[in-house]
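Encoded as structure tokens, the structure appears first; notes follow it.
The values are calculated or read from the model by the stated rules, or taken from the named source; none is laboratory data. Only a predicted model underlies this, so the values are computations on that prediction, with no experimental measurement involved. Reconstructed Cβ throughout: ideal geometry from the backbone, glycine too, with neighbour counts over all protein chains shown. The protein model used for the area step is the full one, side chains on, heavy atoms only, and it has no ligands, DNA or RNA in it. Shrake-Rupley method; radii C 1.70, N 1.55, O 1.52, S 1.80 Å.
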Amino acid sequence: MPQTHRPHTTVGRLTLFTALAVLATAMPHPAVAAGELPGVKPTAETPAVYDDEAGGNSDADDPAIWRNPADPARSLVVATLKEGGLRVYDLDAREVQAVAAPEAPGPDDAPGRFNNVDLVHGMKAGARKSDLAVTSDRGSDRLRIYRVDGNSRSPLTDITDPSAPAIFSSSQEEINEQRTAYGLATWTDPSSGRSYAVVSQRERTALRLLELTAKADGTVSYRTVRTLKLPSEFRLPKGKTWTPCGEPGELPQVEGMVVDPATGTLYAGQENVGIWRLGADLKGKPKLIDKVREYGVPGTYDEETEECVPGDDPGYGGTHLSADVEGLTLLDLKNADGYLLASSQGDNSFAAYGRGRGDGYEGGFKVTAASETLDGTEESDGAAVLNKPLGTKYPNGLLVVQDGDDRPGEPDRDATNFKFVDLKPMLDALND
């Protein structure tokens, strides 16, 4: 069985779905076998980070690509490292800036833990319009907002309103339980010009819509607009119901999310269920557009081993994704609707879906090793793609994906990082 390091996921849930993913890969649908997917090679990788005390408990998770409009060759990648805070990289994958997560407010409290990051373009904060990097701080149950300045040696400046409220928690005690802000997607409504963040709740199914609000002093806060809860129990044929297995008290959570600003459509990956499509304003009825292979598989949680023991697969799952589904990002194409890309974490692949209402699965690929020292990706969490020229380094655009098991790494240390992939070979792989 492959390595199963995934710090953000419970051991029981991971064991169940990793086991089933291995089974699904061994006996796949003939048209979508993960082993038959084309491979694309990374061109660069960021320095490895380590999820231990010596490494500052840094665990790479989610990237965002900021394009410098004045000089695209000086564009940046902003990425979360959980307790390691934020990192900013140039297009050579070199570190430009490190931003620490907030310290714990008290000795028994949770420290800051940056989970996901997304961008807002051209929001007025104070006297000027700025591009913003917004991150979900799972440790404090808040958003942190940074102004992006591509001309500065330290591109990110924290402009979070100090009085910004907790998102899901009513007290520090609740924050410490860590059913807090988790996944994140930002968007700006073209009709009103207002900017929003959709935030998911860890170990729950709730999605909360927050409007970003600028203060006169140049700081940014937010207010709750509405909340929607995705299902935690699912109807199966013959009158049966199913709930994904996890530790007692946990519900199937969402992490990977992305909004199509042109249509106001939110795509949300419920990790052990599949991909939902719904309005980014959280109105209307969500539609499940694809399921993970493990959908409908019963599991029994074993208190002694802290693992889920899977039952027989009734065959109600999909054929393109293996739980967890994460890392959703949108690829724009000229004269076409483009793709929704999703990380199929259980089989180390990526799936592409058409973005038109009647579209479905369009193909997939894997990020494979370029050399003995530049490996591919495994158990990928976050991903970001940009189909715009970025100087001579990436004239075709760029895909950035998290690698959950960077190699060769150091012995006995959990290493993660981000891989940079030229967009042309990735598009060629999808068009094969």
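Data for the structure
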{"quantity": "FRET efficiency estimate (nearest 0.05) - Cβ-Cβ, Ser192 to Asp359, R0 25 angstrom", "calculated": "0.35"}
{"quantity": "Zone of Asp217's modelled label, taken as backbone nitrogen in the range 165-186 under 16 Å from a point 7 Å along Cα→Cβ", "calculated": "165"}
{"quantity": "Computed E for Asn431/Lys388 - FRET, C-beta separation, R0 22 angstrom, nearest 0.05", "calculated": "0.70"}
{"quantity": "Candidate lysines - alpha carbon under 18 Å from Lys124, same-chain residues fewer than 8 apart omitted", "calculated": "Lys215"}
{"quantity": "Cut-off 16 Å, label 7 Å out along Cα→Cβ of Lys283, residues of the range 199-226 by amide N", "calculated": "209-211, 225-226"}
{"quantity": "Cβ crowding within 10 Å averaged over residues, with 86-92, 147-153, 267-273 ranked highest first", "calculated": "267-273, 86-92, 147-153"}
{"quantity": "Computed helical MRE - 222 nm, the chain, DSSP H runs ≥ 4 contributing -39500 (n - 2.57), nearest 500", "calculated": "-2000 deg cm²/dmol"}
{"quantity": "Lys/Arg +1, Asp/Glu -1 at C-beta; the chain dipole; positive extreme among Ala415, Met257, Thr180", "calculated": "Met257"}
{"quantity": "Segment Asp90-Arg226, length gained on full extension (0.36 nm per residue, minus Cα span)", "calculated": "45.3 nm"}
{"quantity": "Accessible surface, the chain, averaged per residue in Å² (probe 1.4 Å)", "calculated": "41"}
{"quantity": "Theoretical gain in end-to-end length, Asp149 to Thr368 [0.36 nm per residue, Cα-Cα removed]", "calculated": "75.5 nm"}
{"quantity": "Restraint check, Lys82/Lys229; Lys41/Lys424; Lys366/Lys424, Cα-Cα greater than 22 Å", "calculated": "Lys82/Lys229"}
{"quantity": "Given charges at beta-carbon only (K, R positive; D, E negative), |dipole| of the chain in Debye", "calculated": "2360"}
{"quantity": "Distance histogram for the chain (every C-alpha pair counted, 10 angstrom bins, percent rounded to whole numbers)", "calculated": "5, 23, 35, 27, 9, 1, 0"}
{"quantity": "Gain upon complete extension [Asp337, Ala127; 0.36 nm per residue less C-alpha separation]", "calculated": "72.0 nm"}
{"quantity": "Apportionment of accessible area to carbon and sulfur, the chain, percent (1.4 Å)", "calculated": "46"}
